[in-house]
Amino acid sequence: MSALIDLVGVTKRYSRGAETLTVLDALQFHVEAKDFVALMGPSGSGKSTILNIVGGLDRPDAGRVEVAGSDLQALSSSELARWRSRHVGFVFQSFNLVPVLTALENVMLPLLLTPLDAKKRREQAAFALDVVGLADRMHHRPRQLSGGQEQRVAIARAIATDPDIVLADEPTGDLDRESATAIMDLLGRLNTELGKTFVVVTHDPMVGERAKRTLRLDKGVLREAGRGSTASVRGPG
């Protein structure tokens, strides 16, 4: 059975003035369903680029990208948008909540891209908030919530469409240690109890310890911590 996430020979370059920067070079990256993978390494090493390519937000310059049974290279921009709405949820460090909307309305946003009617969207969003322990805060706006609660709303929004994969970029980066631990407890439960597959970019060692697998970008090589396996990823320096 093929991996849920299968990147083969993926290369990504960026132009910086007259300079061309190769961030990923012939990357091999494979994630099975229900895995929880932490990507760690220095800033600029390509961790977030991997996340963006897996989520269909960015396209590689070369290589094969198959995620949730689809060849992302073969999809148009509109097809990618529909694919993302069905298969991928995103969690960001800065929460990215709309300040004038309530928690419930924020969670309903990705459901607008689905064929659900308004009643079903509301029910599904309310269920997602209940899953993350915020059923009693659904009518609060972001400014009325703590940082940890805002991130829980962001996680509810990510899982509201029942995606196969949740991609999280520094999900604990703006949180105090107590809130960060609570968020990782939540992500762990979503992984073990709901079977969600997580790929998390982080600098936080605690997040790496909680993951089932930790991959480190180190001097251009993607290494699986503690297992000695490597995959080709070349970055600057």
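The values are calculated or read from the model by the stated rules, or taken from the named source; none is laboratory data. Everything quoted here is computed from the prediction, not taken from an experiment. Backbone-built Cβ (ideal geometry, glycine too); neighbour counts: all protein chains shown.
Structural remarks
- Set Glu66, Glu19: member being in contact (Cβ under 8 Å) with a residue 60 or more places away in the chain and either exposed (fewer than 14 other Cβ atoms within 10 Å of the Cβ) or over 24 Å from Val207 (Cα atoms) (or both): Glu66
- Whichever residue in region 36-53 is outside any helix (DSSP H, G or I) and of a type in the set (A, V, I, L, M) and, among such residues, is surrounded by the fewest Cβ atoms within 10 Å (Cβ to Cβ): Val37
- Failed item, numbered, when Ala33 is tested on (1) within 23 Å of Gly195 (Cα to Cα); (2) at pLDDT below 95; (3) not in a strand (DSSP E or B): (2)
- Every test in (1) more than 20 Å from Ala182 (Cα to Cα); (2) surrounded by 12 or more Cβ atoms within 10 Å (Cβ to Cβ); (3) of a type outside the set (Gly, Ala, Ser) is passed by Phe127 save one, and that test is (1).
- Residues of region 85-95 that turn out to be outside any loop (DSSP other than H, G, I, E, B) and either among the β-branched types (Val, Ile, Thr) or surrounded by fewer than 20 Cβ atoms within 10 Å (Cβ to Cβ) (or both), as a count: 6
- Residue within region 143-163 that is surrounded by 23 or more Cβ atoms within 10 Å (Cβ to Cβ), at pLDDT 95 or above and in contact with a His (Cβ under 7 Å, 6 or more places away or on another chain) present: no
- Some residue of region 62-84 being part of a loop (DSSP other than H, G, I, E, B) and on the phi > 0 side of the Ramachandran plot: yes
- Among the residues of region 96-117, those that are assigned to a loop (DSSP other than H, G, I, E, B) and either within 16 Å of Asp130 (Cα to Cα) or more than 20 Å from the chain's Cα centre (by Cα) (or both) comprise Pro99, Val100, Leu101, Thr102, Pro115, Leu116, Asp117.
- Selection from region 194-210 of residues that are out of contact with any Phe, Trp or Tyr (no Cβ under 6 Å at 6 or more places or on another chain) and not in a helix (DSSP H, G or I): Gly195, Lys196, Thr197, Val199, Val200, Val201, Thr202, His203, Asp204
- Residue in region 5-15 that is acidic (Asp, Glu), buried (at least 17 other Cβ atoms within 10 Å of the Cβ), more than 30 Å from His140 (Cβ to Cβ) and under 16 Å from the mean Cα position of the chain (by Cα) present: yes
- Unique match (being at pLDDT below 95 and closer than 15 Å to Phe29 by Cβ) among Ala62, Ala81: Ala62
- Taken over region 26-55, the criterion of being aliphatic (A, V, I, L, M) and more than 20 Å from Ser77 (Cα to Cα) is satisfied by Ala26, Leu27, Val31, Ala33, Val37, Ala38, Leu39, Met40.
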